[in-house]
Amino acid sequence: MSASIDRAYWKPEAETLARPALEALQLDRLRRTVARVAESVPLYRKKFEQAKVTPDDIRSLADLRRLPFTTGADLRASYPTGMLAVPLDETLRLHTSSGTTGKPKALFFSRQDVDNAAELIARSFVATGMTRQDIFQNMMTYGLFTGALVAHYGAEKIGCLVIPAGPGNSDRQLLLMQDFHTTSIHLTPSFALYFADILEKRGIDPRKDLALKRAFVGAEPYTEETRRKIEHGLGLRVFNSYGLSEMNGPGVAFECQEQAGMHLWEDHYILEIIDPESGEPLPAGERGELVLTTLVREAMPILRYRTRDITSVVDQPCACGRTHRRIARITGRADDMLIVRGVNIYPQQIERILMGLPKLGRNYLIVLEGLDEMTVKVELSEAGFDGQLDHVVALKNEIAGLLRAEILTKPRVELVPPGTLPISEGKAKRVIDNRKL
Ligand code: ADP
Ligand code: ZN
């Protein structure tokens with residue numbers, strides 16, 4: 001293999017498989033998975049009995065609907081080893097979900113699972129234009145969290161130089177970027193915004209002073225406005241990266257160079273979009289809860305997993321030639337929804353407004369107190385404060401008005417100096433709910 005090949009695809013056959021062949025492959029893999037869990041996982045034996053379904057009933061992909069859902073509660077109830085489909089000595093690695101909501105879930109990987117997870121990352125990174133010449137600085141948290149390790153193995157598979165920087169310590173990050181000419185980074189949107197602030201403070205112009213080309217950004221929801229802010233602040237292209245520990249972590253769905261929705265790797269997962277209330281499937285294009293079934297996982301296959309993540313399917317073919325369907329940007333989790341004075345609000349609605357205003361900085365916090373009092377605290381940008389108080393008052397009123405139009409309730413708005421709101425190394429905590437309801 002020549003060192004200079006800039007391959008458009010990592011595994012062209014798999015990535016551009018014609019839909020009928022892809023669906024035949026899915027059915028075959030689904031049937032094997034269902035047979036295996038019926039054999040080896042007591043939870044599924046019980047669920048199949050209750051649903052009066054046997055592996056032989058799965059004759060087409062449409063029969064998927066006959067299978068029971070799996071929920072986060074099922075995984076927690078099976079903690080630590082209840083959902084293993086192989087003997088413990090065939091497992092190679094343990095990860096847990098980062099526990100943003102509730103107690104962690106234990107996820108096991110076999111040798112093949114570790115390799116498959118890395119394959120999907122390699123595929124995803126290459127889809128953004130990455131090659132083995134790229135220098136990859138991994139700014140996600142290493143450890144039990146899947147985010148960093150799975151990406152690390154994928155980048156090594158491509159043959160990139162990998163810098164396992166981990167999160168935080170911005171000055172060291174910057175030094176590494178300067179000394180080793182980092183081209184590609186992997187981090188959360190909140191850290192990316194924070195890091196853009198640091199560059200601005202240090203007087204670094206990323207376009208002149210750094211070699212950055214692209215950032216893989218995920219692990220928490222963010223808006224198009226935030227993407228643009230990161231791209232502008234870091235002088236690179238941002239590719240949306242979606243995954244969850246229950247499905248191996250990152251590499252489940254990823255944006256290609258078109259940056260228009262994330263290809264969900266359908267030879268490894270079956271995707272469904274359902275109405276989160278009724279559980280019924282929704283037609284293509286409608287927004288609902290993403291449900292995923294693993295197709296090749298050995299150690300811990302999971303059927304029809306309720307991710308709680310809200311998205312829709314983009315059903316048009318993609319200009320990049322990949323046949324795997326795309327999902328739209330995740331707009332939040334079903335559990336993220338806040339009810340304030342009887343109105344349903346997603347934090348992303350607020351973020352969209354705030355990140356669209358140039359006078360505002362890159363960090364914000366939503367605080368709920370008392371009997372449904374909402375305060376939105378947001379940092380001004382370095383250039384946003386000119387010392388004139390009447391300008392601040394006018395800006396506050398403008399923000400309150402925009403938010404009212406979007407979320408139908410008028411929050412208190414507090415403008416604070418840049419760099420004064422708490423930052424997190426891992427996943428950002430954007431909502432503090434201290435209400436006594
Ligand atoms: P936890 O569920 O404890 O946070 P994970 O680390 O497995 O554990 O996080 C996976 C979750 O992170 C997803 O279910 C989703 O809610 C969120 N997430 C991951 N990537 C993205 C993304 N690109 N956009 C929006 N949300 C994302
Ligand atoms: Zn594409």
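The values are calculated or read from the model by the stated rules, or taken from the named source; none is laboratory data. Everything quoted here is computed from the prediction, not taken from an experiment. Methodologically, a virtual Cβ is constructed for each residue, glycine included, from the backbone with ideal geometry; neighbour enumeration extends over all protein chains shown. Heavy atoms of the whole protein, side chains included, go into the accessibility calculation; ligands, DNA and RNA do not. Shrake-Rupley method; radii C 1.70, N 1.55, O 1.52, S 1.80 Å.
Based on Cα contacts under 8 Å between residues 6+ apart, the range 160-237 shows a relative contact order of 36 percent. Rounding to the nearest 10 and keeping the result within 0 to 90°, find how far the Cα-based axis of helix 146-158 lies from the longest principal axis of the chain. With both axes taken from Cα atoms, the answer is about 70 degrees. In this structure the amide hydrogen of LEU244, modeled in the peptide plane, comes within under 5 Å of the amide hydrogens of GLY249, VAL252, none closer than 5 places in sequence on its chain. Of all lysines in the structure, the ones whose alpha carbon falls short of 27 Å from that of LYS208, not counting any fewer than 8 places away in one chain, are LYS229, LYS359. Just round it to a whole percent: the fraction of Cα-Cα distances in the range 265-342 exceeding 17 Å. So the pairs more than 17 Å apart make up 51 percent of the total in the range 265-342.
Restricting attention to the range 353-437, close to 45% of DSSP beta bridges with both partner residues there are antiparallel. Each listed q (0.13, 0.15, 0.20, 0.22 Å⁻¹) maps to a log10 I(q)/I(0) for the range 344-422 from the Debye sum over equal C-alpha point scatterers, namely -0.36, -0.48, -0.85, -1.03. Cα centroids of the range 54-95 and the range 242-278: 18 Å apart. With q set to 0.35 Å⁻¹, the log10 of I(q)/I(0) for the range 346-387, from the Debye formula over equal scatterers at the Cα positions, is -1.20.
From helices alone, the chain scores -10000 deg cm²/dmol at 222 nm; the rule is -39500 (n - 2.57) for each run of n ≥ 4 DSSP H residues, then divide by the residue total. Tally up the carbon and sulfur contribution to the accessible surface of the chain as a whole percent, 1.4 Å probe, everything protein left in place. C and S fraction of accessible area: 53 percent.
Rounded to the nearest Å, what's the spacing between the alpha carbon centres of the range 109-188 and the range 353-386? Just the number, please. Each part reduced to its Cα centre gives a spacing of 32 Å.
Once the trypsin sites (Lys or Arg not before Pro) in DSSP loops with at most 10 neighbouring Cβ atoms within 10 Å are cut out of the chain, the longest remaining piece is 60-435.
Counting only residues at least eight positions apart within a chain, or on another chain, the lysines with an alpha carbon under 19 Å from that of LYS105 are LYS427. For the pair ALA383 and GLN133, label points projected 7 Å from Cα toward Cβ lie 3.3 nm apart. Residue by residue, the range 335-344 carries 3J(HN,Hα) couplings of 7, 6, 4, 9, 10, 10, 6, x, 9, 7 Hz when phi is fed to the Karplus relation 6.51 cos²θ - 1.76 cosθ + 1.60 (θ = phi - 60°); x denotes Gly or Pro. With r defined as the distance between the Cβ atoms of ARG404 and ARG59 and R0 fixed at 45 Å, what FRET efficiency is calculated, to the nearest 0.05? According to the calculation, E is roughly 0.25. Modelled label positions at ASN434 and GLU49, each set 7 Å beyond Cα in the direction of Cβ, lie 5.0 nm from each other.
Only bridges whose two residues both fall in the chain count here: according to DSSP, what percent of them are antiparallel, nearest 5? Within the chain, antiparallel bridges account for around 60 percent of the total. Protein heavy-atom accessible surface, 1.4 Å probe, per residue over the range 90-174: 34 Å².
Amide H to amide H distances under 5 Å link SER381 with LEU360, GLY361, where only residues 5 or more positions off or on other chains count and H is placed in the peptide plane. A simple rule links phi to the HN-Hα coupling: the Karplus curve 6.51 cos²θ - 1.76 cosθ + 1.60 with θ = phi - 60°, which for the range 250-256 gives x, x, 6, 9, 8, 6, 9 Hz, with x for Gly and Pro.
Our summary gives the range 303-372 a relative contact order of 22 percent, counting only alpha carbon pairs under 8 angstrom and 6 or more residues apart.
The accessible-area ordering, largest first, of the residues TRP10, TRP265 stands as TRP10, TRP265, per a 1.4 angstrom probe.
Considering only GluC sites (Glu not before Pro) in DSSP loops that have at most 12 other Cβ atoms within 10 Å, the longest stretch of the chain without any of them is 1-276. Which of the three applies to the range 138-222, rounded, prolate or oblate, going by the alpha-carbon gyration tensor with a ≥ b ≥ c and a/c under 1.5 meaning rounded? The shape class here is oblate.
Across the range 389-406, rounded Karplus estimates of 3J(HN,Hα) from the backbone phi angles (6.51 cos²θ - 1.76 cosθ + 1.60, θ = phi - 60°) give 5, 5, 5, 5, 4, 4, 5, 4, 5, 4, 5, 4, x, 4, 5, 4, 5, 7 Hz, Gly and Pro being marked x. The three principal axes of the Cα atoms in the range 82-234 give end-to-end lengths of 55, 36, 27 Å, sorted in falling order.
Computed over the range 381-437, the quotient of the alpha carbon radius of gyration and 2.2 N^0.38 Å is 1.38. From largest to smallest, the equivalent ellipsoid semi-axes obtained for the range 291-437 from the alpha-carbon gyration tensor read 35, 20, 15 Å. What is the chain by shape, rounded, prolate or oblate, if you read a ≥ b ≥ c off the alpha carbon gyration tensor as root eigenvalues and call it rounded for a/c under 1.5, prolate for a/b larger than b/c, and oblate otherwise? Judged from the Cα gyration tensor, the chain comes out oblate (a/c at least 1.5, b/c at or above a/b).
Taken per residue, the accessible surface of the range 179-231 reaches 37 Å², heavy atoms only and a 1.4 Å probe.
Fraction of C-alpha pairs exceeding 12 angstrom in the range 302-356: 74 percent, rounded to a whole number. Rounded to the nearest 0.05, the FRET efficiency derived from the C-beta distance between LEU92 and GLU13 at R0 = 22 Å is 0.25.
Across the range 211-260, Cα-Cα distances exceeding 14 Å account for 52% of all pairs. Take every Cα pair under 8 Å whose residues are at least 6 apart in sequence, average their separation, divide by the length of the range 206-280, and the relative contact order is 22 percent. Heavy-atom accessible surface of ILE270, to the nearest 10 Å², is about 10 Å², with a 1.4 Å probe and all protein chains retained.
Across the range 1-153, the volume of the C-alpha convex hull divided among the residues equals 150 Å³ per residue. To the nearest ten degrees, helix 19-40 and the longest principal axis of the Cα atoms of the chain are 70 degrees apart. Using the 1.4 Å probe convention, the accessible area of the range 278-425 works out to 44 Å² per residue with neighbouring protein chains retained.
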